[in-house]
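Enquirer: Below is one structure. I have some questions about it.
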Amino acid sequence: MASTVTEGRILIAGAGIGGLSAGIALARDGTPVQVLEREKAHSTDGAGIQLGPNATRILGDWGVLERLGSKAVISEGIAIGDGLTGEHLATVPFGEVARQRYGAPFILVHRHDLHQALVETARDLPGVEITMDCEVMAYRQSSDEIVLTTTKEEIRGHALIAADGLWSRLRPQIDPGAALLFTGQTAWRTLVSPGDLPEHLRGPRTGLWLGRGAHLVHYPVKGGMKINVVAVTEERRGGKTEGWNQEADPQSLLSCFEAWDDSIADIVRSGAGWRKWSLYYQPPLRAWTQGLVTVAGDAAHPVLPFLAQGGALAIEDAAVLVRVLREFDGDPTHAFRQFERVRIGRASRTGFESRRMGRIYHMGGVLRLARNFVLRRQSPEALLKKLDWLYLFGGDER
Ligand SMILES: Cc1cc2nc3c(=O)[nH]c(=O)nc-3n(C[C@H](O)[C@H](O)[C@H](O)COP(=O)(O)OP(=O)(O)OC[C@H]3O[C@@H](n4cnc5c(N)ncnc54)[C@H](O)[C@@H]3O)c2cc1C
């Protein structure tokens, strides 16, 4: 059975950060959207997310920041240290400095809270329909219509944005050669209580501890009630896992932190209920678009988490999609090609820099000593300046 098509309706596969953002951006611009999500309920996976000013500026315009209210912690900065010695090396200042420089804050938020704020914002907009428990299996298209095969029914629309994440089912229809490559790295996450951290590590900021073949990040979420802890280790032997939520035996994690400074290793020891997932790298796609279809978010350009930018890029995508659709008078074929043209450079640079950061975070031996030497000499202003290209995004790159 096929649904009737609402005039000009754009279909969005996936109600993650990218799909909901695209839905909000388009509906705010007067375009009706239907967002199709395969899960029965909205995801609570993944614990914490850090969002820089490039993303929060857009979320602010949509009213999502206001909705998040005090659930979002305004970050004062990133404190970078050597996890093996516990030595503080450098600080990237955010707080009022970031607000002045970038016009928007750097926030630390639980994914569930962000998701809820996005869903509520989308639901309050006229023209947004969110259909849960509806997996998109495939699409076919003519010159002016998209037909989706889903687990519920056939659904018709004017265009399709495939925001179905890292393991996108729709991406191979656009680029059959697309492949995800295991990086050999495993990410681990848990939530701890603020009391599990030594007093000097408890503030409203991110702690980034660099080690040999591993690093550890912690920051407050849920308005400071919980601390999100993420460790990344090199664990080729551990095998690959799909998804974000596999139960993890902490023994192999703890063994990576045995030689670390006790105040940092204790954070790992205090964690319970660890979840783990494998990190993948995707070489750039040959194409993002095909006629009335485009990929967006992780389906288009997954990036490793070392610059904390995957979700932010998905939010930026949404803002740019609206701009190009307006530019081409709602013609998706031309607008999507332009979308790919303007986004590919930024997504590739972010992906490249994220991988580079991962290598720097995990340096050992003399390279580690050289890295620490350089970091100790960086002024907060110099560190921030290096991030301007990331956080000053205005949505109008050509
Ligand atoms: C360790 C780690 C830490 C991270 N930290 C940060 C951070 O601090 N800051 C940041 O900006 N980013 C971060 N990211 C990245 C960020 O989480 C992702 O980039 C972001 O979630 C991408 O959004 P998305 O909507 O493209 O994909 P997803 O959020 O994965 O959403 C995809 C949605 O599509 C649904 N779906 C899948 N297939 C189908 C289908 N066939 N039909 C219908 N629905 C479907 C899924 O159920 C899901 O709801 C991190 C990632 C990792 C791994």
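Enquirer: Hey, can you grab everything whose amide H is under 5 Å from the amide H of residue 90? Only 5+ residues off in sequence or another chain; H modelled, so Pro and N-termini drop out.
Expert: It is 80, by chain and number.
Enquirer: List every residue whose amide H lies under 5 Å from the amide H of residue 159, counting only residues 5 or more places away in sequence or on a different chain, with H placed 1.01 Å from N in the peptide plane.
Expert: 11, 146
Enquirer: Let me ask you something else. Please state the relative contact order of the chain as a whole percent: Cα pairs under 8 Å, 6+ residues apart?
Expert: Numbers: 847 pairs, mean separation 87.7, N = 398.
Relative contact order here is 22 percent.
Enquirer: Dipole of the chain (Lys/Arg Cβ +1, Asp/Glu Cβ -1, origin at the Cα centre): which of 366, 162, 267 lies farthest to the positive side?
Expert: About the Cα centre, the residue reaching furthest to the positive side is 366.
Enquirer: Need one word for region 112-240: rounded, prolate or oblate. Basis is the Cα gyration tensor (sqrt eigenvalues a ≥ b ≥ c); a/c below 1.5 gives rounded, then a/b vs b/c decides. Show your work: numbers first, answer last.
Expert: Working: a/c = 3.64, a/b = 1.65, b/c = 2.20.
Oblate, since a/c reaches 1.5 and b/c is not below a/b.
Enquirer: Further, regarding this structure: So what's the back-of-envelope 222 nm ellipticity for the chain, counting only DSSP H runs of four-plus at -39500 (n - 2.57) apiece and dividing by all residues, rounded to 500? List each step's numbers first, then the result.
Expert: Details: 13 runs with 138 residues, N = 398.
When only DSSP H runs of four or more count, the value is -10500 deg cm²/dmol.
Enquirer: Explain nothing, just the number: dipole magnitude of the chain about its Cα centre with +1 on each Lys and Arg Cβ and -1 on each Asp and Glu Cβ, in debye rounded to the nearest 20. Don't jump to the answer; show the numbers that get you there.
Expert: Numbers: 46 positive and 46 negative charges, 212 e Å.
Value, rounded to 20: 1020 debye.
Enquirer: Can you tally the net charge around residue 194? Count Lys and Arg as +1, Asp and Glu as -1, for every other residue whose Cβ sits under 13 Å from the Cβ of residue 194. Don't skip to the end; give the middle numbers.
Expert: Values: positive: 202, 205, 222, 226; negative: 196, 199.
Net charge around residue 194: +2.
Enquirer: Something else: 5 Å is the cut-off here: which amide hydrogens, built 1.01 Å from N in the peptide plane, fall below it relative to residue 235, excluding neighbours closer than 5 in sequence?
Expert: Close amide H contacts, sequence-distant or interchain: 185, 186.
Enquirer: Along the Cα-to-C-beta direction of residue 392, a point sits 7 Å from the Cα; which residues of region 91-134 have their amide N less than 11 Å from that point?
Expert: Of the residues in region 91-134, 102 have backbone N under 11 Å from the label point off residue 392.
Enquirer: Let me ask another. Mind checking the full-extension length gain between residue 144 and residue 61? Use 0.36 nm per residue of separation minus the Cα-Cα distance, one decimal, nm.
Expert: Working: separation 83, 0.36 × 83 = 29.88 nm, distance 3.16 nm.
The span from residue 144 to residue 61 would gain 26.7 nm if fully extended.
Enquirer: Summing +1 for each Lys or Arg and -1 for each Asp or Glu, what net charge is found among the other residues whose Cβ lies under 13 Å from the Cβ of residue 173?
Expert: Details: positive: 140, 169, 171, 286; negative: 164, 175.
My count for the surroundings of residue 173 gives +2.
Enquirer: While we're looking at this one, here's another question. Where a ≥ b ≥ c are the square roots of the eigenvalues of the C-alpha gyration tensor, would you call region 31-77 rounded, which needs a/c under 1.5, or, failing that, prolate if a/b is larger than b/c, or oblate?
Expert: Numbers: a/c = 2.36, a/b = 1.42, b/c = 1.67.
Since a/c reaches 1.5 but b/c is at least a/b, the shape of region 31-77 is classed as oblate.
Enquirer: Taking the Cβ-Cβ separation of residue 270 and residue 234 as r and a Förster radius of 30 Å, what is the calculated FRET efficiency to the nearest 0.05?
Expert: On the way: r = 23 Å, r/R0 = 0.76.
Here the calculated transfer efficiency is 0.85.
Enquirer: Here's something else I'd like to know. Would you be so kind as to identify which of 142, 49, 74 lies farthest towards the positive end of the dipole of region 1-149, taking Lys and Arg as +1 and Asp and Glu as -1 on Cβ and the Cα centre as origin?
Expert: 74
Enquirer: Once you've got the Cα coordinates, tell me which of 71/152; 40/276; 226/276 are over 29 Å apart. Before the final figure, lay out the partial values.
Expert: Values: 71/152 35 Å; 40/276 23 Å; 226/276 19 Å.
Where the Cα-Cα span goes over 29 Å, the pairs concerned are 71/152.
Enquirer: Toward the positive end of the charge dipole of the chain, about the Cα centre and with charges on Cβ (Lys, Arg +1; Asp, Glu -1), which of 350, 394, 214 goes farthest?
Expert: Result: 214, furthest along the dipole toward the positive end.
Enquirer: Starting from the Cα gyration tensor of the chain, multiply each eigenvalue by 5, take the square root, and state the resulting semi-axes largest first in whole Å. List each step's numbers first, then the result.
Expert: Values: eigenvalues 268, 94, 79 Å².
One finds semi-axes of 37, 22, 20 Å for the chain.
Enquirer: Gaussian network model of the chain, Cα springs within a sub-10 Å range: biggest mean-square fluctuation belongs to which of 361, 139, 219?
Expert: 139
Enquirer: If you place +1 on the Cβ of every Lys and Arg and -1 on the Cβ of every Asp and Glu, how big does the dipole about the Cα centre of region 252-398 come out, in debye to the nearest 20?
Expert: Dipole size: approximately 500 debye.
Enquirer: While we're here: Around residue 108, what is the net charge, scoring Lys/Arg as +1 and Asp/Glu as -1 over all other residues with Cβ under 12 Å from its Cβ? It would help to have the intermediate numbers written out before the result.
Expert: Values: positive: 71, 111, 205, 222, 226; negative: 76, 113.
Within the 12 Å Cβ shell, the charges total +3.
Enquirer: So if R0 is 35 Å, what FRET efficiency would residue 151 and residue 331 give, r being the distance between their Cβ atoms, rounded to the nearest 0.05? Spell out each step's value before the answer.
Expert: Working: r = 30 Å, r/R0 = 0.87.
Approximately 0.70, to the nearest 0.05.
Enquirer: Calculate, for residue 137 and residue 385, the FRET efficiency according to 1/(1 + (r/R0)^6) with r their C-beta to C-beta distance and R0 41 Å; round to the nearest 0.05. Can you show the working numbers first?
Expert: Working: r = 47 Å, r/R0 = 1.15.
Once the sixth-power term is evaluated, E becomes 0.30.
Enquirer: Separate question: GNM on the chain, C-alpha springs below 10 Å: top fluctuator among 208, 383, 114?
Expert: So, out of 208, 383, 114, the one fluctuating most is 383.
Enquirer: Another question, then. At what distance in angstrom do the alpha carbon centres of region 154-221 and region 133-149 lie from each other?
Expert: Rounded to whole Å, the Cα centres lie 28 Å apart.
Enquirer: In addition: So in region 1-114, what percent of DSSP beta bridges are antiparallel if you round to the nearest 5?
Expert: Working: 12 of 16 bridges.
Percent antiparallel among DSSP bridges in region 1-114 is about 75.
Enquirer: Compute a Gaussian network model of the chain, connecting alpha carbons closer than 10 Å, and tell me which residue from 182, 106, 373 fluctuates the most.
Expert: Maximum among the listed residues: 373.
Enquirer: If you don't mind, there's one more thing I want to ask. Of all DSSP beta bridges in the chain, what percent run antiparallel (nearest 5)? Please report the intermediate quantities before stating the final value.
Expert: Working: 52 of 73 bridges.
Bridges in the chain are about 70 percent antiparallel.
Enquirer: Can you bin region 155-223 into rounded, prolate or oblate? Criterion: square roots of the alpha carbon gyration tensor eigenvalues sorted a ≥ b ≥ c, rounded for a/c under 1.5, prolate for a/b above b/c, oblate for the rest.
Expert: Cα axes put region 155-223 in the oblate bin.
Enquirer: When 171, 269 are ordered from fewest to most other Cβ atoms inside 10 Å of their Cβ, what list results?
Expert: 269, 171
Throughout, read-outs are computed from the coordinates displayed, never taken from laboratory work. Computed from a predicted structure; not experimentally measured. All Cβ positions, even for glycine, are placed from backbone atoms using ideal geometry, and neighbour counts span all protein chains on display.
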